[in-house]
Amino acid sequence: MSAKTFASQGDLAEKKATFTELAPGAYAYTTEGDPNSGVIIGDDAVMVVDARATPVLARELIAAIRSVTDKPIRYVLLTHYHAVRVLGASAYGADHVIASRGTHELIHERGADDFKSEVQRFPRLFQAVESVPGLTWPNVVFDERLTLFLGKREIEIRHLGRGHTKGDTVAWLPKERVLFSGDLVEYGATPYAGDAYFNDWPQTLERLASLKAEKLVPGRGDALTDAKSSADAIAGTREFISTIAGEAKRAVGEKKSLKAAFDAVHAKMEPRYGKWVIFEHCLPFDVSRAFDEASGITDPRVWTAERDIEMWSALQAAPPA
């Protein structure tokens, strides 16, 4: 296996943003495999689903919103705690920043470490890192379900179980049958599972599938505009996660090293998934976490900038750029 540039440090090409209306007042902001955001316009206010990585990037989304409405952006929903999703929140001036209790706990526990780690992994997404005023803190925290009415617009905010993180949250428009999944679901992009719960994720995806979404905004990749493609994206994510988990359990059962497990998983999955966005970036983190869970480490260990480099050097045999 050839040496590989650390994480996404070699990914410097700018991405084209697309702002797509999936239902009246419900939009997907997609960026060629970079993290997506959602926009929900109610009668008197706007909700943003995932805030982008920095206030500078958030202002690009604000410009797209202003092309279709002048209503105030009063709500920001965090689907989980990762820095690329949350650190742009200050740009919106929202009254309410919403997150699950699990996400709130993770920000307390590891938000600062995650900030440093992700800046190192994604330099292009954090080019304006100086515009980040600090960690994003939710001021509305819920346990399993919260229903908001933006006038007549009903938004169900749900924590359906652990998966990508322990705090994953989705936004569901029951009337329009539009689902904003965060990184619980990806489409043509590699699921990041460094902070995942592999044993729980498939069941959480089953609960998502039971909603029978007709439109779906994944964490990365194109927005899905029909029921079949939405279901396929959920199934594809489940298959990817289940394959890694199965291979990790096999490796631990055979008393293989983490490096041997990673090499086996890479050889098995690269022919099918190697073209998915950020495959080489995600797979070492994914296998490391799956190996830990299969070894009995229930909760994900904290990723720090230092741990990132140590792991990468051991598995990908390439120093950071």
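Of note:
- Screening SER229 against (1) surrounded by fewer than 20 Cβ atoms within 10 Å (Cβ to Cβ); (2) modelled with pLDDT of 95 or more; (3) assigned to a loop (DSSP other than H, G, I, E, B) leaves a single unmet condition, (3).
- Among the candidates VAL97, VAL141, residue that is within 16 Å of SER37 (Cβ to Cβ) and hydrophobic (A, V, I, L, M, F, W, C): VAL97
- Scan the range 72-96 for residues that are within 17 Å of the chain's Cα centre (by Cα) and not polar (S, T, N, Q) and the total you get is 13.
- Qualifying residue in the range 229-241 (condition: out of contact with any Pro (no Cβ under 8 Å at 6 or more places or on another chain) and in contact (Cβ under 8 Å) with a residue 60 or more places away in the chain): no
- Tallying residues that are small (Gly, Ala, Ser) and over 22 Å from GLY221 (Cα atoms) within the range 135-180 yields 2.
- Residues satisfying the stated conditions in the range 290-301, i.e. surrounded by fewer than 14 Cβ atoms within 10 Å (Cβ to Cβ), within 21 Å of GLY102 (Cβ to Cβ) and touching a residue at least 24 places away in the same chain (Cβ under 8 Å): ASP299
- Listed by position, the helices (runs of 4 or more DSSP H) enclosed by the range 36-155 that each have at least 2 residues that are surrounded by fewer than 22 Cβ atoms within 10 Å (Cβ to Cβ) are 55-66, 101-121.
- Verdict on VAL265 being assigned to a helix (DSSP H, G or I), surrounded by fewer than 20 Cβ atoms within 10 Å (Cβ to Cβ) and touching a helix residue (DSSP H, G or I) at 6+ places or on another chain (Cβ under 7 Å): no
- No other residue among ARG301, ARG250 is at pLDDT 95 or above, of a type in the set (Lys, Arg) and under 21 Å from the mean Cα position of the chain (by Cα) apart from ARG301.
- One residue from LEU179, LEU205, LEU184 being under 16 Å from ALA23 (Cα atoms) and either among the aliphatic types (A, V, I, L, M) or assigned to a strand (DSSP E or B) (or both): LEU179
- Pair list, Cβ < 7 Å and 6+ apart or interchain, from the range 5-34 residues that are closer than 26 Å to ILE309 by Cβ to residues that are at pLDDT 80 or above and in a strand (DSSP E or B): LYS15/THR31; LYS15/ASP34; GLY33/ALA189; GLY33/VAL277
- When every residue of the range 160-177 is checked against the conditions, none turns out to be closer than 21 Å to VAL39 by Cβ, of a type in the set (Val, Ile, Thr) and out of contact with any Phe, Trp or Tyr (no Cβ under 9 Å at 6 or more places or on another chain).
The values are calculated or read from the model by the stated rules, or taken from the named source; none is laboratory data. All figures in this text were calculated on a predicted structure; none of them were measured in a lab. Quick reminder, even Gly has a Cβ in these numbers, built from the backbone with ideal geometry, and neighbours come from all protein chains shown.
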